[in-house]
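In what follows, a single structure is set out as structure tokens and then discussed.
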Amino acid sequence: MVREAISVFDIFKIGVGPSSSHTMGPWRAAQRFLGECRDQGLFPGIGRVRVELYGSLAKTGKGHGTDVAVMLGLMDLDPATCDTRAIPATLDLIRSSGILVLPEGKAMPFDPAADILFQRGTTLPFHPNGLRFIATMSDGSEHGRTYYSIGGGFIVGEEGEGAGANGNAAGAGAAKLPMPIEKAEDLLRHCRERGLTVPQVVRRNETAWRTPERTEEGLEGIWEALKACAYKGCHTEGILPGGLGVHRRAAAMNRDLLDGAVYADPESWIQAIRAKGGGFQDILKWVSCFALAVNEENAAFGRVVTAPTNGAAGVIPAVLLYHACFCPENPEAPADFLLTAGEFGSLFKKGATLSAAMGGCQAEIGVSSAMSAAALTQVLGGSVEQSLMAAEIAMEHHLGMTCDPVGGLVQIPCIERNAMGAVKAITACQLALASDPAHAKVSLDAVIKSMWETAKDMNTKYKETSEGGLALQIPVNLAEC
Ligand code: SF4
């Protein structure tokens, strides 16, 4: 039985950094709460809203911008299109005026320090990322709803409604796919039986939600957003917010690699990198530069594409830009890459988790590396079996990787970890292309199962709590704002 139908656009979503589970999920939960209040006719009577954050959202929510996200969500701003440069001023205005403006211009008193409560000592039973919105109505009664942010920007409601056994939510809604896929073996069977590539299978399945033309437009939009994010990160200097004093490095690397030349837009920049080419050292440096650029933007509350999470948002663009700049030209490649990567991401979501609060960093960087390895193998002409093998290799060498961000910020080790994930993906692809998958000893389904077992066995302090590992090795004294 197929549990879920997940579209490529559930896996890739344009939004705002720094975290899919701690920023995008809570943002969407706030919007959903308002929508449900509207549906129940409660919206006009709302006098005030307070928000309670639990578990990992309480422990690392400050550094991950969860408080910022719920405020912007209550304002019903669209994370895909809002002006990210205006966010600091918007927050300043809420703090200085004590007023938050809900949709339809409805102003309500709101004090972030009093109305957003970090319940660090409590974890709700269903999932470590729980949050609750409580509206105080004009007649004094209260209306509350609980949501869970289960990774990759997905949310589920009270008691985990709409979720599977591993806390996963249904994707783009109930849809009858022509070729349902729950496991890697299903994907392989469809490809073999019909003589299709992975992107051909995914294209047919996506017709369950929209026309082929709209799917292609959506993929083009994701590719444009990825390029724009990397370009911006490669052209922005300074120190990242949050108090750790982390310096941005991508801009200096970009300048050095291009001998100081400046290009006006992402397209001419990519063409210049392609024309310049480079030896092994330069190509390796570019891959790191692309990954750092995207995750510096992510850490700075910039516009990023969740892929499949925000903390791991740099791996896929780094590998796709590596292909665009240093591999044989192929105009079809970005769309095919994204379709393949999206399908492999959904395999991990169905069989394990995309949530670091459930499975540590193997669920973020590990999954993005496996997605990239499979997709790169596909666009470089590998077989379906080689794509499966590449994903298996990439994940095999991320198993057990913990999540222990310093100061609860998505900066150390997160930013560099994206570069490492991208390099591992390229290596996994090269190994798969040089191998006969018939000799593979471990299947992709087996490694996904191992990842989920490892996630369940992992000590809670290594699951996005900043209570263990690297997070304890660097003394931090971050401002509580
Ligand atoms: S350590 Fe990994 S999983 Fe944890 S916040 Fe950083 S990138 Fe995400």
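Of all residues in segment 221-243, those being at pLDDT 95 or above and over 22 Å from the mean Cα position of the chain (by Cα) number 4.
Taking (1) more than 26 Å from Glu224 (Cβ to Cβ); (2) in contact with a Phe, Trp or Tyr (Cβ under 7 Å, 6 or more places away or on another chain) in turn, Gly55 satisfies each apart from (2). Within segment 344-388, the set of residues being of a type in the set (Val, Ile, Thr) and under 14 Å from the mean Cα position of the chain (by Cα) comprises Thr353, Ile365, Val367.
Scanning segment 120-156 for residues that are more than 22 Å from the chain's Cα centre (by Cα) and aliphatic (A, V, I, L, M), we see that the one that is surrounded by the fewest Cβ atoms within 10 Å (Cβ to Cβ) is Met137. Is there a residue being part of a loop (DSSP other than H, G, I, E, B), within 16 Å of the ligand (Cβ to nearest atom), closer than 26 Å to Thr81 by Cα and out of contact with any Leu (no Cβ under 9 Å at 6 or more places or on another chain) anywhere in segment 337-354? Yes, the conditions are met somewhere in segment 337-354.
For (1) touching a Leu at 6+ places or on another chain (Cβ under 8 Å); (2) free of Cβ contacts under 8 Å to residues at least 12 places away in the same chain; (3) in the same structural domain as Glu220 (by TED's automatic domain parsing); (4) more than 16 Å from the ligand (Cβ to nearest atom), each residue gets a yes or a no:
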| site | (1), (2), (3), (4) |
| --- | --- |
| Val8 | yes, no, no, yes |
| Gly15 | no, no, no, no |
| Met24 | no, no, no, no |
| Arg28 | no, no, no, yes |
| Leu34 | yes, no, no, yes |
| Asp39 | no, yes, no, yes |
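Within segment 386-400, not a single residue is among the hydrophobic types (A, V, I, L, M, F, W, C), surrounded by fewer than 20 Cβ atoms within 10 Å (Cβ to Cβ) and within 30 Å of Gly302 (Cβ to Cβ). Residues that are surrounded by fewer than 17 Cβ atoms within 10 Å (Cβ to Cβ) and either modelled with pLDDT under 95 or not aliphatic (A, V, I, L, M) (or both) within segment 441-451 comprise Lys441, Lys449, listed in sequence order.
Scanning segment 357-381 for residues that are within 14 Å of the ligand (Cβ to nearest atom) and either touching a Leu at 6+ places or on another chain (Cβ under 9 Å) or part of a helix (DSSP H, G or I) (or both) returns Ala357, Met358, Gly359, Cys361, Gln362, Ala363, Glu364, Ile365, Gly366, Val367, Ser368, Ser369. Annotation: of all residues in segment 339-388 being in contact with a Lys or Arg (Cβ under 9 Å, 6 or more places away or on another chain) and of a type in the set (Val, Ile, Thr), the one that is farthest from Glu464 (Cα to Cα) is Val384. Consider Val16 carefully, then state whether it is under 28 Å from Leu219 (Cα atoms), buried (at least 21 other Cβ atoms within 10 Å of the Cβ) and touching a Pro at 6+ places or on another chain (Cβ under 6 Å). Considered against the rule, which asks whether it is under 28 Å from Leu219 (Cα atoms), buried (at least 21 other Cβ atoms within 10 Å of the Cβ) and touching a Pro at 6+ places or on another chain (Cβ under 6 Å), Val16 comes out as yes.
Restricted to segment 99-128, and to residues there that are aromatic (Phe, Trp, Tyr) and touching a Lys or Arg at 6+ places or on another chain (Cβ under 9 Å), the residue that is farthest from Ser466 (Cα to Cα) is Phe110. Taking segment 382-481 and the helices (runs of 4 or more DSSP H) fully enclosed by it, the elements with 3 or more residues that are away from the ligand (no atom under 13 Å from the Cβ) and of a type in the set (Val, Ile, Thr) are at 414-433, 444-457. Pairs are defined by a Cβ separation below 7 Å, a sequence spacing of at least 6 or placement on different chains, a first member in segment 82-103 that is farther than 11 Å from Leu72 by Cβ, and a second member that is surrounded by fewer than 14 Cβ atoms within 10 Å (Cβ to Cβ); the pairs so defined are Gly98/Pro109; Ile99/Ala107; Ile99/Pro109; Val101/Ala107.
Across segment 303-336, the number of residues qualifying as within 16 Å of the ligand (Cβ to nearest atom) and either outside the structural domain of Gln200 (by TED's automatic domain parsing) or assigned to a loop (DSSP other than H, G, I, E, B) (or both) comes to 8. Here is a check on your reading of the model: is Trp223 on the phi < 0 side of the Ramachandran plot and in a loop (DSSP other than H, G, I, E, B)? Criteria not met by Trp223. Being farther than 30 Å from Ser141 by Cα and either out of contact with any helix residue (DSSP H, G or I) (no Cβ under 8 Å at 6 or more places or on another chain) or part of a helix (DSSP H, G or I) (or both) is a property that does not hold for Ala29. Annotation note: Cβ proximity below 7 Å between a residue of segment 392-414 that is more than 28 Å from Thr377 (Cβ to Cβ) and a residue that is more than 14 Å from the ligand (Cβ to nearest atom) and of a type in the set (Val, Ile, Thr) (sequence gap 6+ or interchain) occurs for Val406/Val476; Gly407/Val476. The helices (runs of 4 or more DSSP H) falling completely within segment 55-148 that include 3 or more residues that are within 20 Å of Gly15 (Cβ to Cβ) and either within 16 Å of the ligand (Cβ to nearest atom) or hydrophobic (A, V, I, L, M, F, W, C) (or both) map to 55-64, 66-74, 87-97. The number of residues in segment 206-230 being touching a residue at least 40 places away in the same chain (Cβ under 8 Å) and over 23 Å from Ala324 (Cα atoms) comes to 3.
The values are calculated or read from the model by the stated rules, or taken from the named source; none is laboratory data. What you are looking at is a predicted structure, and each value in this text was computed from that prediction instead of being measured. Neighbour counts are summed over all protein chains in view; Cβ atoms, including those assigned to glycine, are modelled from backbone coordinates with ideal geometry.
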